[in-house]
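Asks: Sharing a structure, written as structure tokens. Questions coming.
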Amino acid sequence: MPPPADGPDATAASSGTATPSSTAAASGTATLSGTASRLRARVAEAEAAIEALLTRWSARYAARAATEADAALVASFGDEARPAASSLHFATATETALDAAALAHHEALAMLTLLGRRLALLGLSPASAGQGVPALMDAWEGAGTPLPAALADALGAAFVEGFVRGHGERDRERWLEGLRAHQPFLTPEPGVCLWVAVGDLDAARLAERGEAFARDVHRKGARAAIVDLRALPAPSPRRLAAVADALEALAMLGVSCLLLAEPCWHDTAPPGGALRVVSTLAEALAAVPPRRRSRWSWWRRPARSPLPRTD
């Protein structure tokens, strides 16, 4: 059995009194607990201020919106605007809150740019886009701490820049979507159907339009189907396979299927398939088999002219 420890700590422990080390540990624990409580209180206060700012911002923005659809959109954009509001709340709590070029405001400016882009993609009209930052300024004044005019100009420029980018992306996507959905099927010759694929079409879009083209060819009773892929970007086996799968049913029904593509597409053609790849439209039309003559065509003779009257 080890001998009893010597010293003042052992004596204090045996007598039940507090030692300097235990007192310091208890004091440190109390200090850390108090610091954590104060931090939690400050975080809760900041979150409450941000939520109040978002509520005022959405209400004032909805009141300034140009249309009812825009008002409904911005009235419930709290989740989209929370990163921008949080970043701006943090930046205005620093010593450089009044300096628009300060590093603390960079994140807020970036978040407002992303918010403008997101609202544009959601369908916000340009007439309502310019009211985003003025509504934010009104909401900020409601908290009793108005933002400086220089900072408002920087925030407005960032928001409008993001909106312009998003509006351009949305218009481009809508144009491409309309181009994908409204590609006409042509008839260069009787009994020959032609589909000119235009736009940034992936394999799924090509398969969808290829099925519609196959139904159109079958409905018209055409003897040949030509698919022009020369307007598409770089070739890929998946795109070519999507078109070949869509035309496979037509080939089984006896329809001559030809693919009009650049020479770089020829290497991606599936080997041993019924789909023939050519380079020009003239070559494709020359490869179309002639119309079959019906065995009853000899019966269709021109009507005889009536005999002239002699009286």
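Asks: Can you pull out the residues in segment 102-123 that are over 10 Å from G166 (Cα atoms) and either in contact with a Phe, Trp or Tyr (Cβ under 8 Å, 6 or more places away or on another chain) or assigned to a helix (DSSP H, G or I) (or both)? Please lay out each step first, then the result.
Replies: Narrowing segment 102-123 to residues over 10 Å from G166 (Cα atoms): 102-112.
If the condition is that a residue be over 10 Å from G166 (Cα atoms) and either in contact with a Phe, Trp or Tyr (Cβ under 8 Å, 6 or more places away or on another chain) or assigned to a helix (DSSP H, G or I) (or both), then L103, A104, H105, H106, E107, A108, L109, A110, M111, L112 are the ones that fit.
Asks: Which is more than 13 Å from C193 (Cβ to Cβ) and at pLDDT below 80, of G254, G273?
Replies: G273
Asks: Checking the structure you have, find out if any residue of segment 67-90 is more than 28 Å from the chain's Cα centre (by Cα) and modelled with pLDDT under 85.
Replies: Yes: segment 67-90 contains one or more residues that are more than 28 Å from the chain's Cα centre (by Cα) and modelled with pLDDT under 85.
Asks: Condition (residue is free of Cβ contacts under 8 Å to residues at least 24 places away in the same chain and part of a strand (DSSP E or B)) applied to segment 183-190: is it met by at least one residue? Can you show your working first?
Replies: Of the residues in segment 183-190, the ones free of Cβ contacts under 8 Å to residues at least 24 places away in the same chain are 184, 186.
From what's left, part of a strand (DSSP E or B): 186.
Among the residues of segment 183-190, at least one is free of Cβ contacts under 8 Å to residues at least 24 places away in the same chain and part of a strand (DSSP E or B), which makes the answer yes.
Asks: Filter segment 124-138 down to residues that are part of a helix (DSSP H, G or I) and in contact (Cβ under 8 Å) with a residue 60 or more places away in the chain and give me whichever is surrounded by the fewest Cβ atoms within 10 Å (Cβ to Cβ).
Replies: Across segment 124-138, the extreme among qualifying residues is A127.
Asks: For segment 191-222, which positions are within 19 Å of M252 (Cα to Cα), of a type in the set (V, I, T) and either under 30 Å from the mean Cα position of the chain (by Cα) or not in a helix (DSSP H, G or I) (or both)?
Replies: Matches in segment 191-222: V192 only.
Asks: Check off (1) modelled with pLDDT of 85 or more; (2) over 13 Å from V227 (Cβ atoms) for T268 and give me the number that stays unchecked.
Replies: (1)
Asks: Taking the stated definitions as given, is G178 surrounded by fewer than 12 Cβ atoms within 10 Å (Cβ to Cβ) and either over 21 Å from S279 (Cα atoms) or touching a residue at least 60 places away in the same chain (Cβ under 8 Å) (or both)?
Replies: For G178, the condition - surrounded by fewer than 12 Cβ atoms within 10 Å (Cβ to Cβ) and either over 21 Å from S279 (Cα atoms) or touching a residue at least 60 places away in the same chain (Cβ under 8 Å) (or both) - is met.
Asks: Please state which of the following conditions W57 fails to meet, knowing it meets all the rest: (1) among the aromatic types (F, W, Y); (2) within 23 Å of A127 (Cα to Cα); (3) at pLDDT below 85.
Replies: Result: W57 fails condition (3) only.
Asks: Now for a different question. So, of the residues in segment 152-197 that are in contact with a helix residue (DSSP H, G or I) (Cβ under 6 Å, 6 or more places away or on another chain) and aliphatic (A, V, I, L, M), which turns out to be farthest from L281 (Cα to Cα)?
Replies: A152
Asks: Of all residues in segment 61-88, how many are crowded, with 16+ Cβ neighbours inside 10 Å and assigned to a loop (DSSP other than H, G, I, E, B)?
Replies: Of the residues in segment 61-88, 2 are crowded, with 16+ Cβ neighbours inside 10 Å and assigned to a loop (DSSP other than H, G, I, E, B).
Asks: Please determine whether any residue of segment 229-251 is under 25 Å from P190 (Cβ atoms), over 37 Å from the mean Cα position of the chain (by Cα) and either at pLDDT below 80 or part of a loop (DSSP other than H, G, I, E, B) (or both).
Replies: Among the residues of segment 229-251, not one is under 25 Å from P190 (Cβ atoms), over 37 Å from the mean Cα position of the chain (by Cα) and either at pLDDT below 80 or part of a loop (DSSP other than H, G, I, E, B) (or both), which makes the answer no.
Asks: Return a yes/no flag: does segment 237-253 have any residue that is surrounded by fewer than 16 Cβ atoms within 10 Å (Cβ to Cβ) and in contact with a Ser or Thr (Cβ under 7 Å, 6 or more places away or on another chain).
Replies: yes
Asks: Does A120 meet the test of being surrounded by fewer than 14 Cβ atoms within 10 Å (Cβ to Cβ), within 25 Å of the chain's Cα centre (by Cα) and at pLDDT 85 or above?
Replies: So A120 does not fit the description; no.
Asks: Taking A36 as meeting all but one of (1) in a helix (DSSP H, G or I); (2) in contact (Cβ under 8 Å) with a residue 40 or more places away in the chain, write down the number of the exception.
Replies: (2)
Listed here are the residues, each with its yes/no results for (1) at pLDDT below 90; (2) more than 26 Å from A207 (Cβ to Cβ).
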| residue | (1), (2) |
| --- | --- |
| L151 | yes, yes |
| V160 | no, yes |
| F163 | no, yes |
| H167 | no, yes |
| R172 | yes, no |
| L186 | yes, no |
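Asks: Restricting to segment 139-167, name every residue that is surrounded by fewer than 18 Cβ atoms within 10 Å (Cβ to Cβ) and either touching a Lys or Arg at 6+ places or on another chain (Cβ under 9 Å) or without any contact (Cβ under 8 Å) to a residue 24 or more places away in the chain (or both).
Replies: Passing the criteria: E141, G142, A143, G144, P146, A149, A152, A157, E161, V164, R165.
Asks: Could you please let me know if F213 is crowded, with 22+ Cβ neighbours inside 10 Å, closer than 26 Å to L285 by Cβ and touching a Phe, Trp or Tyr at 6+ places or on another chain (Cβ under 7 Å)?
Replies: yes
The values are calculated or read from the model by the stated rules, or taken from the named source; none is laboratory data. The shown structure was predicted, so the numbers you read here are calculated from the model rather than taken from an experiment. When we count neighbours, we look across all protein chains shown, and the Cβ atoms used for this are built from the backbone with ideal geometry, even at glycine.
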